[in-house]
1. Spin-label point model (7 Å from Cα, Cβ direction): what's the Ser87 to Tyr148 distance in nm?
2. As a test of the definition: which semi-axes, in Å, follow for segment 9-78 when you take the square root of five times each eigenvalue of its alpha carbon gyration tensor? Largest first, please.
3. In debye, nearest 20: dipole of the chain around its Cα centre with unit charges on the Cβ of K, R (+) and D, E (-)?
4. Tell me which DSSP H helices of the chain clear both cut-offs, 27 Å or more of axial length from alpha-carbon atoms and a mean Kyte-Doolittle hydropathy of at least -0.5.
5. Could you check how many percent of all C-alpha pairs in the chain are farther apart than 22 Å?
6. Can you give the extra length, in nm with one decimal, that the chain gains between Glu183 and Thr49 once fully stretched, where that is 0.36 nm per residue apart less the Cα-Cα distance?
7. What is the Cα convex hull volume of segment 33-119 when expressed per residue in Å³?
8. Which of the peptides 108-115, 158-165 is most tightly packed, and how do the rest follow, judged by the mean count of other Cβ atoms within 10 Å per residue?
Amino acid sequence: HAAKGNKAPKWIIPTNSPQVQAAMSAAIERSWPVILHYEFKAAGHYRKTLFEELNTVLQAHPGHPFLLIHMAQLNANEAMKLLKTHSNLHFLTSHSNPIITSKSTQPWINLFSGRRIKQAWKELMVTYPDQFVLSFDNVWADHWSGLYTEQAEIWREALSELPEDVASAIAYKNAVRLWNLEEPNF
């Protein structure tokens with residue numbers, strides 16, 4: 001977790017630390033997905049070590065779902081390499097749209113070109129429809145303002161350009177499956 005101005009400090013907590021191990025064990029025992037917070041673009045010289053750590057964790061728990069918040073700040077090629085190797089890996093789309101990236105100094109990944117999903121990301125989503133979960137990271141009060149509805153709107157438009165089964169998977173079905181939720185009645 002990179003520093004977020006004066007709101008949040010930089011944190012690097014290895015996955016083998018007692019607190020991360022306790023959280024992962026609790027999630028695995030309850031059949032909950034494990035959400036990991038990697039920010040690879042902001043990782044600096046820790047980047048290689050963090051990639052190795054992530055691969056080790058994913059390999060150690062091949063049958064358990066792991067989700068990377070903020071798309072882990074990965075580009076499409078990096079995401080593709082991980083998806084090809086780890087079927088238990090999923091990406092949360094939080095902070096990956098132009099509404100957030102244009103208003104932030106953080107190195108978030110923008111999955112969009114204008115109001116459309118970039119072709120490389122679109123291809124990944126169509127190839128791996130079960131590995132993406134629409135999400136928003138509304139931590140600060142301003143995230144709950146018009147930013148939230150603007151983000152929802154751009155995602156609504158973008159998902160309409162994907163095949164319906166892919167859009168439904170990303171929009172809600174993957175979350176229903178991963179968190180063992182009741183299927184909504186639309």
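1. Those two pseudo-labels are separated by 3.7 nm.
2. 20, 14, 11
3. On the way: 17 positive and 17 negative charges, 121 e Å.
Roughly 580 debye, rounded to the nearest 20.
4. none
5. 47 percent
6. Values: separation 134, 0.36 × 134 = 48.24 nm, distance 3.88 nm.
That works out to 44.4 nm of additional length.
7. That works out to 92 Å³ per residue.
8. 108-115, 158-165
Values quoted throughout were computed directly from the atomic coordinates according to the rules given, and no laboratory measurement underlies them. Model, not experiment: these values are computed from the prediction. With ideal geometry, Cβ positions are generated from the backbone for all residues, glycine too; neighbour counts draw on all protein chains shown.
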